[in-house]
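The values are calculated or read from the model by the stated rules, or taken from the named source; none is laboratory data. All figures in this text were calculated on a predicted structure; none of them were measured in a lab. Positions of Cβ are backbone-derived with ideal geometry, glycine not excepted, and every protein chain shown enters the neighbour counts. Heads up: the accessible areas ignore ligands, DNA and RNA and are worked out on the full protein's heavy atoms, side chains in. Shrake-Rupley method; radii C 1.70, N 1.55, O 1.52, S 1.80 Å.
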Amino acid sequence: MPNAFRRLPRTLLLALVLASPAAAAQPVADTVVITAARLLDVRSGRYVEQPQLLVRDGRVVSIERAGAPVPDGARRVDLAGLTLVPGLIDMHTHLDSDPSYGGYTGLQFSDRFWSMLAVKHAERTLMAGFTTVRNVGSDAWNDVGLREAIDEGKVPGPRVVSAAYSFGATGGHCDSTYFPPSMAQKSPYNADSPEEARKVVRELRKYGARVIKVCATGGVFSRNTEPGQQQMSLAEMQAVADEAHQWGLKVAAHAHGAAGIKDAIRAGIDTIEHASLIDDEGIRLAKQRGAWLSMDIYNTEYTQAEGKKNGVLEDNLRKDREIADLQRENFRRAHAAGAKMVYGTDAGIYPHGDNARQLAVMVRYGMSPLQAIQSATLNASQALGRDDVGVLEAGRWADLVAVAGDPLADVRVLETVPVVIKGGAVVKDARTGD
């Protein structure tokens, strides 16, 4: 409190506060009633027929049968004939990446070009029915600023769990690997010891990271790394996990190779991204330690079809080809063995807004439609450690999509979402052309 105000008598301070416009304008609860043909309960896998959701200030208050009493003055949203599903969650996105520019082609633009693209990508993602995303790596704090702008209501977009910079070893997948020494390009957050890793976690959290992302192994779309190479030690990853968990943050590890996957799980990392070359021991460890697998088994269909045209280097396309079918078969094996799965697509490697296309691929490789939907709703909320998204029930945000048809019979109906509601507000209604 400024010194001038400290000298005022307490009674005068109280009078000033009560007389202020903010105090005089008492907030009025915004109440909405949403009805539809049915609602998918993702916990039980059963439909609730003729549901009526009472929503107040963006959160679900109750779910009853249509025709139950509603408060006077409540706004009504009638989604007759449609099926309600919780707003979808993508656990692996890069909102400031655009697959149209591969290899070196992105160098034609200024740094802030990518910040601007992130705004449009966020809107496309929301319009596709993804009301929450985890953005596991961006440049220049783009996802932090985007999250803040969305939360302030300045731009449309999903709820963003921002990682800010992903980081790892010098010369590894999270470093800048495309340039000669004369250009002195490197990530500002390389960590080559447990002590350095702890400091990076602290700094990223300080400036807005809400999840920590590390690169345990090499990758497909970096240069001079191979997906199977382990690039962070067990001790370094343990330091990351311990420090992040101390601050209440979850940790994600980019890990394609079997050794890196296993050490990431042993280190206590919460979600394993890609998990392409996971072996039987890795699957057993994931089950024993409760680690979630986030396996992006759709995007290769885009990268192999469009990558060369977009400027992706042949060496990157070669790695993509070599790993694609192995990852998909290992997804099948891990799921059949009972490993915990979440929905992560690596959007940004393929176009934003196509996030739901992976659902059908997950079904093709062994999941039921319900299990695929659960991976993007119930499971994802559990992996995030959040009890406010992922399920339509009292106390959670009224984030939902409404679709025509039966997603438990044909999960592809979620690829075309006519209605999206976030926090009780209709943000898309294709039935009216909005």
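Among the candidates 197, 122, single out the residue that is more than 30 Å from residue 428 (Cβ to Cβ) and buried (at least 24 other Cβ atoms within 10 Å of the Cβ). Can you show your working first?
Details: 122 fails: more than 30 Å from residue 428 (Cβ to Cβ).
Just a single option satisfies the conditions, and that option is 197.
Restricting to segment 350-371, give me the number of residues that are open to solvent by 10 Å² or more (accessible area, probe 1.4 Å), touching a Phe, Trp or Tyr at 6+ places or on another chain (Cβ under 8 Å) and not small (Gly, Ala, Ser).
Final tally of qualifying residues: 4.
Take segment 243-288 and flag every residue that is within 15 Å of residue 210 (Cα to Cα) and either at pLDDT below 95 or part of a helix (DSSP H, G or I) (or both).
243, 244, 245, 246
Consider residue 333 against the criteria (1) assigned to a helix (DSSP H, G or I); (2) touching a strand residue (DSSP E or B) at 6+ places or on another chain (Cβ under 9 Å); (3) open to solvent by 10 Å² or more (accessible area, probe 1.4 Å): it satisfies all of them except one. Which criterion is unmet?
(2)
Exactly one condition in (1) under 19 Å from the mean Cα position of the chain (by Cα); (2) closer than 30 Å to residue 128 by Cα is false for residue 220; which is it?
The single condition residue 220 does not satisfy is (1).
State yes or no: is residue 115 in contact (Cβ under 8 Å) with a residue 24 or more places away in the chain and in contact with a His (Cβ under 7 Å, 6 or more places away or on another chain)?
No.
Please tell me if residue 138 is of a type in the set (S, T, N, Q) and in contact with a strand residue (DSSP E or B) (Cβ under 7 Å, 6 or more places away or on another chain). Step through it out loud before you land on a result.
Values: of a type in the set (S, T, N, Q): yes; in contact with a strand residue (DSSP E or B) (Cβ under 7 Å, 6 or more places away or on another chain): no.
Considered against the rule, which asks whether it is of a type in the set (S, T, N, Q) and in contact with a strand residue (DSSP E or B) (Cβ under 7 Å, 6 or more places away or on another chain), residue 138 comes out as no.
Restricting attention to segment 142-155, does a residue exist that is of a type in the set (Asp, Glu), out of contact with any Lys or Arg (no Cβ under 8 Å at 6 or more places or on another chain) and surrounded by 24 or more Cβ atoms within 10 Å (Cβ to Cβ)?
yes
Given the criterion surrounded by 11 or more Cβ atoms within 10 Å (Cβ to Cβ) and either touching a helix residue (DSSP H, G or I) at 6+ places or on another chain (Cβ under 7 Å) or modelled with pLDDT under 50 (or both), identify the matching residue among 54, 16. Working first, answer last.
Details: 54 fails: either touching a helix residue (DSSP H, G or I) at 6+ places or on another chain (Cβ under 7 Å) or modelled with pLDDT under 50 (or both).
Among 54, 16, only 16 is surrounded by 11 or more Cβ atoms within 10 Å (Cβ to Cβ) and either touching a helix residue (DSSP H, G or I) at 6+ places or on another chain (Cβ under 7 Å) or modelled with pLDDT under 50 (or both).
Of all the residues that make up segment 156-180, how many are open to solvent by less than 20 Å² (accessible area, probe 1.4 Å), in contact (Cβ under 8 Å) with a residue 60 or more places away in the chain and in a strand (DSSP E or B)?
Here the count works out to 2.
In segment 181-213, what count of residues is obtained for those that are among the charged types (D, E, K, R), under 28 Å from residue 385 (Cβ atoms) and part of a loop (DSSP other than H, G, I, E, B)?
Taking segment 181-213 first, the residues among the charged types (D, E, K, R) are 186, 192, 195-196, 198-199, 202-203, 205-206, 210, 213.
Keeping just the survivors that are under 28 Å from residue 385 (Cβ atoms) gives 195-196, 198-199, 202-203, 205-206, 210, 213.
Then drop every residue that is not part of a loop (DSSP other than H, G, I, E, B), which leaves 210.
The number of residues fulfilling the criteria is 1.
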